[in-house]
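What follows is one structure encoded as structure tokens, with my remarks underneath.
The values are calculated or read from the model by the stated rules, or taken from the named source; none is laboratory data. Computed from a predicted model, the values in this text were never measured in an experiment. FYI the Cβ positions are ideal-geometry reconstructions off the backbone, even for glycines, and counts take in every protein chain you see.
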Amino acid sequence: MSQNQDQLKAAAAESAAARVMDGMVVGLGSGSTAALAVNAIGRRVRQGLRITGIPTSEATAARAKALGIPLTTLAEVSGIDITIDGADEVEQDSLNLIKGLGGALLREKLVATATKAMVIVIDSSKLVTHLGDHDPIPVEVVPFGWETTAGRLSRLGATPVLRRNVNGEIFVTDGGHYILDCRFQSIPSAAALASELDHVVGVVEHGLFIGMTSEVHAASADGVRVLKARL
């Protein structure tokens, strides 16, 4: 990440963190940009903000604890007031997302589904006209028979690649699953593709987040622009 990108993401994170109010249950996203938002929230907690956080990954949980953010679980609350997270791609018109290049897409989607306001922080390079323009769609799959699951995804038009760590070992999610990064030549309808992926045997979850975003805080050299979902 360049210093300029880091500064832009920090500006977006600060803007989104300002949405957190006293007494809220807050979903804490995963990834480099979300980590900046967690840092900003942690600073406000040290200044007296009273919230409870729900982390979307083990890494986020460790960061939040180190910052003194009190944590809870989905089982212990009736809902989440606001979630602040990053995204790999944001479709400008719909605010639909691709998430999961950091590997936490299952927990991220569970938290997103339970939240009243899903706030995304990005630098403006993540804004795209159509999802899949730049990044593959992460698809979390059961390890058993993953090769046959990859075959089913191929029949949907995907080119699935098993994700590996930098040392060449198979990447394993916090939930114990594998990830197939799936590129499509084109995605005419992200919503239709999401529905198809939902019905593939062996797929645990996928990185298409459809109709979940409330607003996007997108930072550029001109400042932070807030994009809001159309009602």
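Restricting attention to segment 1-37, and to residues there that are of a type in the set (D, E, K, R) and assigned to a loop (DSSP other than H, G, I, E, B), which single residue is surrounded by the fewest Cβ atoms within 10 Å (Cβ to Cβ)? Before you say what the answer is, go through the steps one by one.
The initial filter retains those residues of segment 1-37 that are of a type in the set (D, E, K, R), namely 6, 9, 14, 19, 22.
Right, trim to assigned to a loop (DSSP other than H, G, I, E, B) and you get 19, 22.
On the way: Arg19: 18, Asp22: 9.
It comes out as Asp22.
Could you check how many residues of segment 42-97 are assigned to a helix (DSSP H, G or I), out of contact with any Ser or Thr (no Cβ under 8 Å at 6 or more places or on another chain) and closer than 30 Å to Pro136 by Cα?
Within segment 42-97, the subset assigned to a helix (DSSP H, G or I) is 42-46, 58-67, 74-76.
Filter again for out of contact with any Ser or Thr (no Cβ under 8 Å at 6 or more places or on another chain), leaving 42-46, 58, 61-67, 74-76.
Remaining after also requiring closer than 30 Å to Pro136 by Cα: 58, 61-64, 74.
Number satisfying all stated conditions: 6.
Could you tell me whether segment 126-137 includes any residue that is of a type in the set (S, T, N, Q) and within 22 Å of Thr56 (Cβ to Cβ)?
Step one: list which residues in segment 126-137 are of a type in the set (S, T, N, Q), which gives 129.
Still in the list and also within 22 Å of Thr56 (Cβ to Cβ): none.
Looking for residues that are of a type in the set (S, T, N, Q) and within 22 Å of Thr56 (Cβ to Cβ), one finds none in segment 126-137, hence no.
Within segment 104-124, being surrounded by fewer than 23 Cβ atoms within 10 Å (Cβ to Cβ) and of a type in the set (Gly, Ala, Ser) holds for Ala112, Ala114, Ala117, Ser124.
Just one of (1) touching a helix residue (DSSP H, G or I) at 6+ places or on another chain (Cβ under 8 Å); (2) buried (at least 21 other Cβ atoms within 10 Å of the Cβ) fails for Asp174. It is (2). Scanning segment 130-153 for residues that are more than 15 Å from His206 (Cβ to Cβ) and not in a loop (DSSP other than H, G, I, E, B) yields Glu147, Thr148, Gly151.
Within segment 103-116, count every residue that is in contact with an Asp or Glu (Cβ under 7 Å, 6 or more places away or on another chain) and not charged (D, E, K, R). Write out each step before concluding.
So in segment 103-116, the residues in contact with an Asp or Glu (Cβ under 7 Å, 6 or more places away or on another chain) come out as 104-109, 116.
Adding the requirement that they be not charged (D, E, K, R) leaves 104-106.
Result for segment 103-116: 3.
The combined condition, being touching a His at 6+ places or on another chain (Cβ under 6 Å) and either surrounded by 17 or more Cβ atoms within 10 Å (Cβ to Cβ) or outside the structural domain of Ala17 (by TED's automatic domain parsing) (or both), is not fulfilled by Leu153.
Can you tell me which of Ala59, Ala64, Ala10, Ala40 is farther than 19 Å from Leu105 by Cα and either modelled with pLDDT of 95 or more or outside the structural domain of Ile98 (by TED's automatic domain parsing) (or both)? Give the steps one after another, and end with the answer.
Values: Ala59 fails: farther than 19 Å from Leu105 by Cα; Ala64 fails: farther than 19 Å from Leu105 by Cα; Ala10 fails: either modelled with pLDDT of 95 or more or outside the structural domain of Ile98 (by TED's automatic domain parsing) (or both).
Of the residues listed, the single one that is farther than 19 Å from Leu105 by Cα and either modelled with pLDDT of 95 or more or outside the structural domain of Ile98 (by TED's automatic domain parsing) (or both) is Ala40.
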